[in-house]
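Visitor: Below is a structure I'd like to ask you about.
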Amino acid sequence: MAGFLSHLSIRGKLAFKDRGSLFWVFLYPFLLVTMMTLAFRGLGADMPSIRTAAEVGHPYLSVLEEVEILDLWIMEPQEAREALMDRQVTGIFKADRTLQIMDNSIQANILKEVGTELARAEAAYRQGYQPDFSREFLLKGDQKIDPILSILAMTLSMFAFYSYFSGISMVDHLQANLSPLAARFATTPLNRLSFIMAGSLINTLLSAFNMTALLIYLKLVWQIDFLTAPSQTLLLLAVTGWLGVAIGLFVGSSNRLSSKAKIPLGITVMLVLGAFAGMMGPDPRLFLDRYLPWLNRLNPLSHVGKLLYRLNALSISEGYWTGILLLAGAALLLSGASLLFLRKRQYKEL
Amino acid sequence: MAVCVMQGVVKRYKEITALNQFDLQLEEGEILGLLGPNGSGKTTAINCMLGLLTYDQGQVTVYGEDPGKAGRDWKRRIGLIPSDLAYFEDLSVIENIRYFAGLYAGDKHEWKAMTEQAIDFAGLDRYRNFAAKKLSGGLKRRLNIACGIVHSPQFLILDEPTLALDAQSRKYVLDGVRQLNRLGSTILYTTHYLEEAQEICDRILIIDEGRNMATGTVEELVSLIDARESVHIQLVSKEQEAALMDLVRSFEGLVEVTGQNGRVTVSLSPPGRHLAELVQALNRESIAYASLYSELPDLNDVFLSLTGKELRE
């Protein structure tokens, strides 16, 4: 027990004393969510609604009326054309489903985006495609889609996985062919199971603590509420943190790459998985859901982000416990596999 | 009783043979110096001894066990001070030593006692709360040592512990090694500094290109080679040069004598036996000299003779 507590204390201290870990795991998430929030909020606040005409008989008038950014005027075709010529409106959604605009202003480009999305949704509907993303992120009960919340959910999911770095660091201190310190430990009676359990526990707790601080910061400073279901959210983030540690242990122990290579590799993979999940906006995710649906089914960031969004933006807990069990199971499996790799005592080279 | 035995060990890294039929035997209570230039196979031998490296042929036992299969009790008897600094750079001196002590201690009291003893031994008391990364080079080496001796190992392996150390810190380390040996530790000490090996080791094993070149005490090693003692004499008067050369030609151990401008060099064999006799003869024949000094063969001569190269090449 004393050994376990000693490992616990050292891993905790190392997490706070290592500048790299301090920045990437503790500070960088605050910086990034601050920048994202500033960017998205600023965009929304400064954007006046766009005066737009829609011809009588447009098949998706009711959908267009729901688009908040549009100041929609329903007109006869001739009347709409005159309004466009007089620049009273930026564009016309015509009854034949085309969009007519006069120039290439920012407002006109936004209208083009709205038109493109409408056409995509229609095409998908015609093919009988009902993307999960839309079903889960769009209207549900009295909740409306909130793009900022969905992007932040994926971002928070990515940060919860940043405990990956502590897993890498643990292996770097355990596997004799990776560092002089690990080689030294290999000659001592250090208990690897105790070391890994203590390291996983403290880093999971620290990750959960950091994510809690981040959620409180978002709520108090930016009035973004990701704590609609606080206990479930925190448990989800803690289990995600544990899985992050386990992934780090597995990646760390399964090959001979140095930690200097594994850390940037981890950052890159997480950014890519985050982008696939919708962290950079919905387009990549919609594309993947349509053409490579298996990719996000295997993407843990996507699962956690979806659960976070559903819990806090839509108040849906369906699938929550299944998700928790899957994440915990994966964490156990990867930790076990890492222990098997770490059982190796002799190496061909050090 | 042999603490460590390596017999016919061969270790290859692809095309490079790091150990080539290497033999070593370390007896309980002795300090064995493993002396060889950089890249000679010293660290590879240690890593095989510790069970960290696989090897292609031969046999290694430490305390009668195969190090690759030995358990925790075996590891409690072993201590390693690696040539690389191996501790947590971000933690303080006391945190590092306490952590290493925790790997061996049975209870809190023992843990504390081990920590304090190691701090005291390494002379780190004033620096106990300093971050390891902020210590000077010498103090870092001392911390490296403290982490390795915290459990008073029965068998301690020091791999180039004085590398890049100043004279004062080097003396500190050497005194410490002697003290540990007096307290009962068997010690394997690798170095490429022959003065260190000569100073503290009971026996020396010379290794080059992975081969065991010779083993023995300094005297035994020197006796292995065709070594001679060179006595350099600067005469007060050049006129006495011929008289001196005639005098030494009658010496039994004379190998060679040369002289020029009143400076005479006399080579004698075996070394260390004829100097007193020579000085007496000079005094007896009233040959006045301004200076006289003797050069005895050392390990470098042995190394040169055995391998055909200088130790520090």
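Visitor: Quick one: which helices (runs of 4 or more DSSP H) lie wholly within the range A:3-113 and hold at least 1 residues that are crowded, with 19+ Cβ neighbours inside 10 Å? Don't jump to the end; show me each part of the working.
Guide: Details: elements: A:28-46, A:61-66, A:77-85.
Helices (runs of 4 or more DSSP H) meeting the threshold: A:28-46, A:77-85.
Visitor: Then there's this: Residues that are farther than 30 Å from residue B:182 by Cα: which helices (runs of 4 or more DSSP H) entirely in the range B:198-293 hold 3 or more of them? First the steps, then the outcome.
Guide: On the way: elements: B:218-224, B:241-249, B:275-284.
Of the helices (runs of 4 or more DSSP H) lying wholly inside the range B:198-293, those with at least 3 residues that are farther than 30 Å from residue B:182 by Cα span B:241-249, B:275-284.
Visitor: Filter the range A:185-209 for residues that are more than 27 Å from residue B:76 (Cα to Cα) and buried (at least 22 other Cβ atoms within 10 Å of the Cβ) and give the result.
Guide: Listed by number, the residues that qualify are A:203, A:204, A:207.
Visitor: Would you say residue B:46 is surrounded by fewer than 24 Cβ atoms within 10 Å (Cβ to Cβ) and either in contact (Cβ under 8 Å) with a residue 40 or more places away in the chain or within 30 Å of residue A:11 (Cα to Cα) (or both)? First the steps, then the outcome.
Guide: Numbers: surrounded by fewer than 24 Cβ atoms within 10 Å (Cβ to Cβ): yes; either in contact (Cβ under 8 Å) with a residue 40 or more places away in the chain or within 30 Å of residue A:11 (Cα to Cα) (or both): yes.
Judged against the criteria, residue B:46 is a match.
Visitor: Listed residues B:255, B:222; which is closer than 30 Å to residue B:6 by Cα and out of contact with any Gly (no Cβ under 6 Å at 6 or more places or on another chain)?
Guide: Matching residue, one of B:255, B:222: B:222.
Visitor: Anything in the range B:46-55 that is assigned to a loop (DSSP other than H, G, I, E, B) and within 7 Å of chain A (Cβ to nearest Cβ)? List them, or say none.
Guide: Of the residues in the range B:46-55, the ones assigned to a loop (DSSP other than H, G, I, E, B) are B:50-52, B:54-55.
If the condition is that a residue be assigned to a loop (DSSP other than H, G, I, E, B) and within 7 Å of chain A (Cβ to nearest Cβ), then B:50, B:51, B:52, B:54 are the ones that fit.
Visitor: Being closer than 30 Å to residue A:203 by Cα, hydrophobic (A, V, I, L, M, F, W, C) and either in contact with a Pro (Cβ under 9 Å, 6 or more places away or on another chain) or in contact (Cβ under 8 Å) with a residue 12 or more places away in the chain (or both) narrows it down to one residue among A:99, A:32; which is it? Walk me through how you get there before you give the answer.
Guide: On the way: A:99 fails: closer than 30 Å to residue A:203 by Cα.
Just one listed residue meets the conditions, A:32.
Visitor: Can you tell me which residue is nearest to residue A:21 (Cα to Cα) among those in the range B:72-99 that are assigned to a loop (DSSP other than H, G, I, E, B), touching a residue at least 12 places away in the same chain (Cβ under 8 Å) and of a type in the set (D, E, K, R)? Reasoning before the result, please.
Guide: Just the residues of the range B:72-99 that are assigned to a loop (DSSP other than H, G, I, E, B), to begin with: B:77, B:82-91.
With the extra rule that they be touching a residue at least 12 places away in the same chain (Cβ under 8 Å), the set shrinks to B:77, B:82-83, B:85-91.
Narrowing the set further to residues that are of a type in the set (D, E, K, R) leaves B:77, B:89-90.
Working: B:77: 35, B:89: 14, B:90: 12 Å.
Top of the filtered list is B:90.
Visitor: Looking at B:106, B:39, B:79, can you tell me which residue is out of contact with any Phe, Trp or Tyr (no Cβ under 9 Å at 6 or more places or on another chain), more than 7 Å from every other protein chain (Cβ to nearest Cβ) and within 26 Å of residue B:138 (Cβ to Cβ)? So that I can check it myself, show each step before the final result.
Guide: Numbers: B:106 fails: within 26 Å of residue B:138 (Cβ to Cβ); B:79 fails: out of contact with any Phe, Trp or Tyr (no Cβ under 9 Å at 6 or more places or on another chain).
It is B:39.
Visitor: Right, something else. So, in the range B:130-177, of the ones that are under 20 Å from residue B:46 (Cα atoms) and of a type in the set (D, E, K, R), which residue ends up surrounded by the most Cβ atoms within 10 Å (Cβ to Cβ)?
Guide: Applying the filter and picking the extreme gives B:141.
Residue by residue, here is whether (1) away from chain B (no Cβ under 14 Å); (2) farther than 24 Å from residue A:183 by Cβ; (3) surrounded by 21 or more Cβ atoms within 10 Å (Cβ to Cβ) holds:
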site	(1), (2), (3)
A:309	yes, yes, yes
A:312	yes, yes, yes
A:316	yes, yes, no
A:320	yes, yes, no
A:326	yes, yes, no
A:340	yes, no, no
A:343	no, no, no
A:346	no, no, no
A:349	no, no, no
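Visitor: Has the range B:56-71 got at least one residue that is without any contact (Cβ under 8 Å) to a residue 40 or more places away in the chain, more than 9 Å from every other protein chain (Cβ to nearest Cβ) and outside any loop (DSSP other than H, G, I, E, B)?
Guide: yes
Visitor: Determine whether the range B:119-126 contains at least one residue that is away from chain A (no Cβ under 13 Å), part of a helix (DSSP H, G or I), in contact (Cβ under 8 Å) with a residue 24 or more places away in the chain and not β-branched (Val, Ile, Thr). Don't jump to the end; show me each part of the working.
Guide: Step one: list which residues in the range B:119-126 are away from chain A (no Cβ under 13 Å), which gives B:119-126.
Filter again for part of a helix (DSSP H, G or I), leaving B:119-122, B:125-126.
Retained after the next criterion (residues that are in contact (Cβ under 8 Å) with a residue 24 or more places away in the chain): B:119, B:121-122.
Narrowing the set further to residues that are not β-branched (Val, Ile, Thr) leaves B:121-122.
Scanning the range B:119-126 turns up at least one residue that is away from chain A (no Cβ under 13 Å), part of a helix (DSSP H, G or I), in contact (Cβ under 8 Å) with a residue 24 or more places away in the chain and not β-branched (Val, Ile, Thr).
Visitor: Counting only residues that are touching a Leu at 6+ places or on another chain (Cβ under 7 Å) and in a loop (DSSP other than H, G, I, E, B), which one in the range B:182-197 is nearest to residue B:8 (Cα to Cα)? Give the derivation first.
Guide: Residues of the range B:182-197 that are touching a Leu at 6+ places or on another chain (Cβ under 7 Å), as a first pass: B:185-192, B:194, B:196-197.
Next, only the ones that are in a loop (DSSP other than H, G, I, E, B) stay: B:185, B:192.
Values: B:185: 26, B:192: 23 Å.
Only one residue tops the list, namely B:192.
Visitor: Let me ask another. Filter the range A:168-186 for residues that are outside any loop (DSSP other than H, G, I, E, B) and within 11 Å of another protein chain (Cβ to nearest Cβ); which is modelled with the lowest pLDDT?
Guide: Here is the first cut: in the range A:168-186, the ones outside any loop (DSSP other than H, G, I, E, B) are A:168-172, A:180-185.
With the extra rule that they be within 11 Å of another protein chain (Cβ to nearest Cβ), the set shrinks to A:169, A:180-185.
Details: A:169: 88, A:180: 92, A:181: 94, A:182: 93, A:183: 93, A:184: 94, A:185: 94.
Restricting to residues being outside any loop (DSSP other than H, G, I, E, B) and within 11 Å of another protein chain (Cβ to nearest Cβ), the top hit is A:169.
The values are calculated or read from the model by the stated rules, or taken from the named source; none is laboratory data. None of these values were measured; they are calculated from a predicted model. Cβ coordinates were reconstructed from backbone atoms using ideal geometry, including for glycine residues, and neighbour counts include every protein chain displayed.
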